[in-house]
1. Using the Karplus curve 6.51 cos²θ - 1.76 cosθ + 1.60 with θ = phi - 60°, work out ³J(HN,Hα) for each residue of the stretch 44-54 in order, rounded to whole Hz, and write x for Gly and Pro.
2. Using a Förster distance of 56 Å, how high is the FRET efficiency between VAL314 and LYS7, based on the Cβ-Cβ distance and rounded to 0.05?
3. Quick one: if you stick a label point 7 Å off each Cα along the C-beta vector at LYS428 and THR325, how many nm between them?
4. Roughly how many Å is it from the Cα centre of the stretch 281-303 to that of the stretch 389-422, as a whole number?
5. Under 1.5 on a/c is rounded, so check that first for the stretch 297-388, then, if it is not, pick prolate when a/b is larger than b/c and oblate when it is not; a ≥ b ≥ c are the square roots of the alpha carbon gyration tensor eigenvalues.
6. Cα centroid distance between the stretch 87-140 and the stretch 329-374, in Å?
7. Any idea what the dipole of the stretch 58-164 comes to, in debye rounded to 20, about its Cα centre with Lys/Arg Cβ at +1 and Asp/Glu Cβ at -1?
8. Quick check: pseudo-label points 7 Å beyond the Cα along Cα→Cβ at SER104 and ILE211, how many nm apart are they?
Amino acid sequence: MIAPSKKLIFWFGVTIVPFAAIAGLVPRAVIPALGIIGLCLLIACMDAMAGRKVLQGVTISLPELVRASTGRSVRIPLTIHDERERSLLLRLGISFPAAVTPESPTLEVRLPGGVQSSLAYWPVSATRTGRHAIEGVYVETASPWGLWVARTKDQASTLVCVFPNLLKEKDGLASLFLRTSLGQHTQRQVGKGRDFDQLRDYIPGDSYGDIHWKATAKRGRPVTKVFQIERTQEVYVVLDSSRLSARALSHFLPPEAVNAQAGEDDPTNTTIMERFVAASLVMGLATQRMGDMFGLITYSDKVDTFVRARSGKVQYDACRDALYTLEPRIASPDFAELFTFIGTNLRRRALLLFLTNLDDAVLSSDFVNQMGVVSQRHLMVVNTPKMPGVHPLFTAAEATGMDDLYRSMAGHLLWERTRHLQKELGGKGVNFYELDNEKMCAQLVSQYLRIKQRQLI
């Protein structure tokens with residue numbers, strides 16, 4: 001495909017139009033004017049015929065996969081191959097997905113002469129996690145005399161895989177990752193452990209609960225069981241991907257915080273589930289550092305993803321690949337099916353870290369009613385985002401109008417419902433926490449480290 005260039009339009013205006021006017025006004029100059037016009041048209045036609053072939057032999061290829069992180073710039077490599085090894089100035093264009101933003105709408109590349117393959121990079125940044133497909137690269141270059149531009153579309157394609165940017169959490173998590181059982185920052189392990197190690201003769205002061213009565217009867221003397229600290233436990237993040245997780249992050253921030261972040265990471269374009277995904281990945285890093293096994297369960301109106309707990313880099317990559325493509329579904333969660341699935345598939349006692357939304361009264365009641373068997377077998381910790389303005393009445397700033405009064409009363413009712421839910425869960429041995437948006441990852445890892453220190457699992 002060819003199209004007229006600005007140069008052709010300019011020369012058309014300074015040659016064809018004036019000489020056509022001269023031929024119409026001066027009868028004696030008709031033949032010379034028509035000759036000049038014909039010559040110009042012949043030159044334009046010859047350049048158009050040559051321009052149709054100028055992009056023959058030029059192909060562009062993209063890598064099969066490009067990895068990126070949200071909010072960080074990445075360069076997409078383009079390999080340009082010219083069989084005739086010409087020096088060309090190419091103008092490239094790509095129809096990027098909405099979640100991938102290029103630094104410039106087009107990219108100009110100068111191909112050096114005498115080289116078949118050249119490499120160019122297109123800087124882009126991504127705003128949302130997931131897999132984003134790029135289909136086709138548009139190529140444009142000038143004809144030999146510059147009167148036309150030749151355009152074509154190369155069928156090159158690639159897949160941009162955008163992962164959550166965990167570097168934003170490094171400041172709040174640096175100290176937490178240092179608090180391990182090794183090195184200078186040590187933690188005291190509370191308790192005596194749960195894993196059976198060996199039998200030994202009774203020593204005065206041993207607890208009667210540790211006596212192995214069958215071995216005592218067989219040997220004719222008191223024998224005590226010796227336990228060791230558990231080093232490897234199963235930790236699962238149970239992530240809610242239902243309709244409430246599709247709410248924008250601005251829903252969980254006060255108005256002044258929304259206005260302050262509007263120019264940077266717009267919270268209206270980020271969902272709370274993206275924060276859940278980042279927190280889950282950080283938990284995977286923490287469990288890997290502590291030597292535990294990490295697993296993943298995501299659910300909406302059914303169990304969408306189940307990755308059984310294991311350790312190692314391959315396991316972390318599997319969880320990461322399952323999380324970064326996760327999209328919220330406009331459906332209410334089915335807690336009955338979720339807890340039935342957990343009770344059927346998780347036989348060994350494990351730590352279940354729930355990232356869910358229980359600010360809806362119906363959903364919170366259903367959650368409490370369905371969790372019975374699972375809460376008795378496993379250690380459950382329920383985490384939900386903290387809502388702005390949820391506090392007891394008369395504890396905030398003084399109300400200046402009726403709107404502030406009604407807003408405070410609504411916050412008090414929601415606070416009272418949340419406290420009732422916390423007491424109800426606590427009575428069944430389930431911890432309940434409200435997580436701040438900025439500190440969600442740090443708070444989740446702190447819960448895990450406290451449980452690990454006290455050997456509650």
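1. After applying 6.51 cos²θ - 1.76 cosθ + 1.60, I find 5, 5, 4, 5, 5, 5, 6, x, 5, 9, 5 Hz.
2. That gives a FRET efficiency of 0.45.
3. Label at LYS428, label at THR325, 3.4 nm between them.
4. One Cα centre to the other: 35 Å.
5. On the way: a/c = 1.72, a/b = 1.23, b/c = 1.40.
Oblate, because a/c is 1.5 or more while a/b does not exceed b/c.
6. The stretch 87-140 and the stretch 329-374 have Cα centres spaced 45 Å from each other.
7. Once rounded to the nearest 20, the dipole reads 280 debye.
8. Using points 7 Å along Cα→Cβ, the separation is 8.5 nm.
Values quoted throughout were computed directly from the atomic coordinates according to the rules given, and no laboratory measurement underlies them. Since the model is a prediction, treat every value here as computed from it, not as a measurement. Backbone-built Cβ (ideal geometry, glycine too); neighbour counts: all protein chains shown.
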